[in-house]
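This report concerns only the one structure given below.
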Amino acid sequence: MNGVPCTWMRGGTSKGAFFLAAELPSDLRERDDLLLRVMGSPDPRQIDGIGGAHPLTSKVAVISPSEDPSADVDYLFLQVTVDQARVSSAQNCGNILAGVGPFAVEHGLVPADPEHTSVRIRMVNSDGFATATFPTPGGQVDYAGTCAIAGVPGAAAPINISFSGTAGSTCGALLPTGRVVDTIDGVDVTCIDNGMPTVVIAAADLGATGHENPAELEADTDLTERLAHIRSQAGKLMGLGDVSTTTVPKMTLVAAPLGDGTLDTLTFIPVRCHTAIGVLGALTVGTAARIPGSVAERIARYRADVVRIEHPTGFFDVDMDLTYTGDAGVDIRRAAVIRTARKLFDGNVYPAPAATHTEDNS
Ligand code: NQM
């Protein structure tokens, strides 16, 4: 059986398999079938594949030279569902994005500068752009450094990522319902998409504090059932249709910050509760915090410098300069984050064979 060239990377607080598009089948069904067998899905333990048995470690990046003259590379993100035979391009991932620049340089898609290299990335899933800048001393990617991010032990080289064109990434508008606040099942929600379709809800409105740990909330079936019911209606209002099998919208519970942050968050993605928060998720919730009257803004503590999103394992700073212009529009002058990434393994991955007749010897 032939292996497929693959790099296994940590990007921010997530992990995934990175491929050159040219190494994968061009037929999408064949590609998805291959990726399921690479990751070991469907199986809650992904025991026969390289997936890490959690949505945050069952991710794929597909990289190619960009077809857009204003970008260096195209980045297609694919979420491989752990326990179902499903591969989805319906969402983007800003954590895995952190690995794209280094991967592109290491694979010769972008020449390295002698100190730092900037790679302009077209995010195919959502049609936005990101520019990633990271150290390349002597023309080599250097993953080592002193930058620590919440949710990742130790330190690594900083990867500066600035975004453009994220508003309405999937839904077509920043506030896809046309309103700052909607009321669903008697609960006020803000449905928003600045890179990640998200429903923002005050934790207190669901009887939570917003400071619980993720496992505790995942086990609260009353709360998760209420959330799922609100989500299915929000999905329709956001123009996403039936969202019962999709990974967007995300559901973010917000509460007053415990530390010196803007607000505290717990995000369902959408079944598992994130141990931190996604990058575009943080950008989106941070944007909500700057929209007068939104569910997030009602609770947020204003900070002039950054929007500091607290989450279960620390905080996430979004360097954001934006003004809500009314009419569901936003003028974004700056939206940037710092992440780290690390190449964990580089070689060939060997997918499980396509399904055949099996004998049960357990
Ligand atoms: O919002 C998880 C992650 C993400 C997505 C998810 C992400 C983002 O932490 O940009 O990074 O929301 O499914 O990897």
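Of the residues 296, 289, 276, which is of a type in the set (A, V, I, L, M), near the ligand (Cβ under 10 Å from one of its atoms) and buried (at least 24 other Cβ atoms within 10 Å of the Cβ)?
Numbers: 296 fails: near the ligand (Cβ under 10 Å from one of its atoms); 289 fails: near the ligand (Cβ under 10 Å from one of its atoms).
None of the others qualify; the one that does is 276.
So which residues in segment 82-110 are surrounded by fewer than 20 Cβ atoms within 10 Å (Cβ to Cβ), touching a residue at least 40 places away in the same chain (Cβ under 8 Å) and in a loop (DSSP other than H, G, I, E, B)?
We begin by selecting, within segment 82-110, every residue surrounded by fewer than 20 Cβ atoms within 10 Å (Cβ to Cβ); these are 83-86, 88-90, 106-109.
Retained after the next criterion (residues that are touching a residue at least 40 places away in the same chain (Cβ under 8 Å)): 83-86, 88, 90, 106-107, 109.
Those that are surrounded by fewer than 20 Cβ atoms within 10 Å (Cβ to Cβ), touching a residue at least 40 places away in the same chain (Cβ under 8 Å) and in a loop (DSSP other than H, G, I, E, B): 83, 84, 85, 86, 90, 107, 109.
Kindly establish whether residue 266 is touching a helix residue (DSSP H, G or I) at 6+ places or on another chain (Cβ under 8 Å), in contact (Cβ under 8 Å) with a residue 40 or more places away in the chain and open to solvent by less than 10 Å² (accessible area, probe 1.4 Å). Outline the logic, then answer.
Working: touching a helix residue (DSSP H, G or I) at 6+ places or on another chain (Cβ under 8 Å): yes; in contact (Cβ under 8 Å) with a residue 40 or more places away in the chain: yes; open to solvent by less than 10 Å² (accessible area, probe 1.4 Å): yes.
Considered against the rule, which asks whether it is touching a helix residue (DSSP H, G or I) at 6+ places or on another chain (Cβ under 8 Å), in contact (Cβ under 8 Å) with a residue 40 or more places away in the chain and open to solvent by less than 10 Å² (accessible area, probe 1.4 Å), residue 266 comes out as yes.
Do the conditions hold for residue 153, that is, is it without any contact (Cβ under 8 Å) to a residue 12 or more places away in the chain, away from the ligand (no atom under 14 Å from the Cβ), within 20 Å of the chain's Cα centre (by Cα) and open to solvent by 30 Å² or more (accessible area, probe 1.4 Å)? Talk me through it step by step, then tell me what you get.
Numbers: without any contact (Cβ under 8 Å) to a residue 12 or more places away in the chain: yes; away from the ligand (no atom under 14 Å from the Cβ): yes; within 20 Å of the chain's Cα centre (by Cα): yes; open to solvent by 30 Å² or more (accessible area, probe 1.4 Å): yes.
Criteria met by residue 153.
Suppose the filter is within 13 Å of the ligand (Cβ to nearest atom), touching a residue at least 40 places away in the same chain (Cβ under 8 Å) and touching a Gly at 6+ places or on another chain (Cβ under 7 Å); does residue 253 pass it?
Details: within 13 Å of the ligand (Cβ to nearest atom): no; touching a residue at least 40 places away in the same chain (Cβ under 8 Å): yes; touching a Gly at 6+ places or on another chain (Cβ under 7 Å): yes.
No, not satisfied.
Only one of (1) within 12 Å of the ligand (Cβ to nearest atom); (2) touching a Lys or Arg at 6+ places or on another chain (Cβ under 8 Å); (3) open to solvent by 10 Å² or more (accessible area, probe 1.4 Å) is not met by residue 71, so which one is it?
So the condition that residue 71 fails would be (1).
Report yes if some residue within segment 130-150 is buried (at least 21 other Cβ atoms within 10 Å of the Cβ), small (Gly, Ala, Ser) and touching a helix residue (DSSP H, G or I) at 6+ places or on another chain (Cβ under 9 Å); otherwise report no.
yes
The values are calculated or read from the model by the stated rules, or taken from the named source; none is laboratory data. Quantities reported herein were computed from a predicted structural model and do not represent experimental measurements. Note: ideal-geometry Cβ built from the backbone for every residue, glycine included; neighbour counts use all protein chains shown. What goes into the accessible areas is simple: the full protein's heavy atoms, side chains included, and nothing from ligands, DNA or RNA. Shrake-Rupley method; radii C 1.70, N 1.55, O 1.52, S 1.80 Å.
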